[in-house]
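Please read the structure below before turning to the comments.
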Amino acid sequence: MTELKLPRLNRDLPNESISVRQSETGSNTLTFSLASEVPVERFFGTEILSCKKSAVRMDRIAAGAAPLLFNHNWDDPIGMLSNGRIENGRLVVDATLFDTPRAAEVKTMIDGGLRNVSVGYEINKLEENAKTATFTATDWLVLEGSIVTVPADYTVGVERSADESFKPVQITRTEPTLPASPAIVSKGHRMSEANNAPAGANAETRGHDSVAMERLRIKTLTDLGRQHRIDEAQVRNWIDNEAFTADDAARSVLDILVTRGGNNNGVNPAEIGMSKKEAAQYSTFKAIRSILNKDWSKAGLELEAHKAIQQRLGGNPLNEQTFYVPLEVQTAKRHREIRDMTSAGASGSNYLVGTENMSFIELLRNRSVLAQMGATRMGGLVGNVTIPRETASASTYWLTNEATAITESQPTIGQLSLSPKHVGAYTEISRLLALQSSPDAESLVMNDLAKAVALAADLAGLAGSGASGQPTGIIGTSGVGSVTGTSIAYAGMLEFQTDIGNALSQACGYVTTPAVAALLMQRVKFSSTASPLWDGNILDANACGFRGMSSAQCPTADIIFGAWDQLVMAEWGSLAIEVNPYANFQAGLVGVRALYAMDIGLRVPSAFSVATSVT
């Protein structure tokens, strides 16, 4: 007999007939099937609820202590289960609705066609059938019944609002009956049963180990799917693929989160449902002028957008000088004419240099070394985000002999936690330019702000301190490798690549300062040959088989090598712009500051290696 720790569970019975009748006292009574013996896939295997009288405990129903809830919410009771019985292999219950507006509201839903019911229960004993690989609950307690709007994820099954503590459940295993094997005879001698027994026992031990490891894998994949709201069919595909590991699932979750960020799904507070036409008509300069003049009468679209975002964020802006910019405006491509930022002269704002068709977000990313090196971008986020990562894999064992049992181990799944950190970008424009405005001048301001934000993101991603509101950069992250020595030669460049081990991939590359890039251009792999370590120009090069890029943002005399797709750039998209009309009173300059919410983290710290003080 073994044990399995299980939480409280629930299972649905959709599209059931619910009969409603009214008693003489005027109370409404519902009668419906609450549970059946339909198999359900759980993280521990295929579960069957026995609906025999001997298996179902109705103690709470009999004591009048089993509530009827809405969506398993213990804070949303709508009645009480008043009677329970077994009919045709099903648990059938009666429930009396409370005389409350909420219960009347749910009754209206039922009258309108809501037919999903669900039982919350606790298992005391399971019977495992080794032949059919099923677990039958032969002793289980009814905790509550629920009217539900959306069927639950059967692979999860944890009751949503109740105590989620796990309790040990006894499992009785029933072995399949095997046909008798014919006697094995060799040279007139029969193999004895004593000789057969150890091999059979060891096979069973190995079988138990294999089953335990598979259950652990299924539980890990299921937990990852539940935590990150992955589609049930996707989780099922993970589980069905026996070679799919927890780390594979963690990488898949990251891809799904990135895709969600790209789609935005209409849940970002800054995404308010603007049409393309409205986004094209939106003018940050109108909003700036409205703040300068303290008059929003000519910026109705901008004011309504600001109010919509403000309401979604559930609070007020920093002050009356601040307005929010919709995500649709940040991602909208606009014709941009690049000019200077004053209004006078051929050398001023009317001097046309060129045109582009870029959005604020594109401008931000195109200015970022991290993005150009292939960092994973997650945009349009809402709330804090956790990225799963495998911090330790399951251990493997060589068997000394047939009697050796495999010691159980499990992969360790950690989390990379990302939360909004606000970075500020500041520029100044002339008051006259702000009052006159033009699409090219407006785009130039947004370009300047995007450039400043991108530079701040680069600095944080490479060497952020993790303090004073900064993200923790590559250099300061625990677990990042290092290359010793200051005079980096060919051997040192190759040491970077061997240092990151299994993370080595085509996503790898070197980032350093222009000064160090110049040093590497002067050093060769092989003496007396034209084989520079940094082969190209100082800005971009082929560095020992991988891309090399220099940036003044990189700390002085440092080289960073790594798999850049393991660096995550998270963006929340809530761009807030604040106007200071008195930035330079004498010159009539107006200060414009942008606050952008973002964060940076490493999914696999060991995928990076750093050398410092390179000479």
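The values are calculated or read from the model by the stated rules, or taken from the named source; none is laboratory data. Small disclaimer: the values here were computed from a predicted structure and weren't measured. FYI the Cβ positions are ideal-geometry reconstructions off the backbone, even for glycines, and counts take in every protein chain you see.
Tabulated results
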item: Segment 559-614 - residue that is polar (S, T, N, Q) and part of a helix (DSSP H, G or I) and, of those, nearest to K294 (Cα to Cα); result: Q566
item: One residue from T484, T513 being in the same structural domain as R593 (by TED's automatic domain parsing) and surrounded by fewer than 16 Cβ atoms within 10 Å (Cβ to Cβ); result: T484
item: Which numbered condition M549 misses (of (1) part of a loop (DSSP other than H, G, I, E, B); (2) on the phi < 0 side of the Ramachandran plot); result: (1)
item: Tally of residues being over 17 Å from D499 (Cα atoms) and surrounded by 24 or more Cβ atoms within 10 Å (Cβ to Cβ) across segment 551-566; result: 1
item: Number of positions in segment 57-96 that are among the polar types (S, T, N, Q) and on the phi > 0 side of the Ramachandran plot; result: 2
item: Test set (1) at pLDDT 85 or above; (2) in contact with a strand residue (DSSP E or B) (Cβ under 7 Å, 6 or more places away or on another chain); (3) surrounded by fewer than 19 Cβ atoms within 10 Å (Cβ to Cβ) - T412 fails condition number; result: (1)
item: Selection count where residues are crowded, with 16+ Cβ neighbours inside 10 Å and out of contact with any strand residue (DSSP E or B) (no Cβ under 8 Å at 6 or more places or on another chain), scope segment 463-481; result: 1
item: Options G266, G261; residue that is assigned to a helix (DSSP H, G or I), within 22 Å of G383 (Cα to Cα) and at pLDDT below 85; result: G261
item: Residue in segment 387-396 that is more than 24 Å from V604 (Cα to Cα) and at pLDDT below 65 present; result: no
item: Among (1) modelled with pLDDT under 80; (2) surrounded by fewer than 14 Cβ atoms within 10 Å (Cβ to Cβ); (3) over 30 Å from M446 (Cβ atoms), the one test that G383 misses; result: (3)
